[in-house]
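What follows is a single structure, written as structure tokens, with notes after it.
Taken together, the values in this text are just the output of simple stated rules run on the coordinates, not laboratory data. The structure displayed is predicted, hence computed values, not measured ones. All Cβ positions, glycine included, derive from the backbone under ideal geometry; neighbour counts span all protein chains shown.
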Amino acid sequence: MADNSGNFWGGFLFGAAVGGLVGALVAIKITEPEEDVVDRQSDRDRILDKTQTSNEFARRNLEKKIAQLNAAIDSVSQELATAEGKNGNKQTIELSRNMTVDDKGSTI
């Protein structure tokens, strides 16, 4: 049994040394960011910035369109109120059929 215990302790120390070395190398590899990881993170940041920029652009365009629609609605309401006061309902119906709105939101 004495001979086997020497082999056990030798193997134990050798395994501990190899395991410690592998663990140290893995720890160093994990703590140092690779260029690929940094590139992926910067790509992710650029995509998020583009998404936020495009969302902001879409929001601004929607606000412009809503403002144009509100202006067109106000204009039509004023014209309908004026036409109703002067000529009655028949004139009002004709105005609403012929009403168009240009790109700037004004009625033609």
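Take I30 and I66, extend 7 Å from each Cα along the Cα→Cβ direction, and tell me the distance between the two endpoints in nm.
4.9 nm
For the stretch 23-32, take each phi angle, set θ = phi - 60°, evaluate the Karplus expression 6.51 cos²θ - 1.76 cosθ + 1.60, and give the result in whole Hz per residue in order, putting x for glycine and proline.
x, 5, 5, 5, 5, 5, 5, 6, 6, 8
What does the extension gain come out to for T82 and F12, with contour length at 0.36 nm per residue minus their alpha carbon separation?
Roughly 15.2 nm would be gained on extension.
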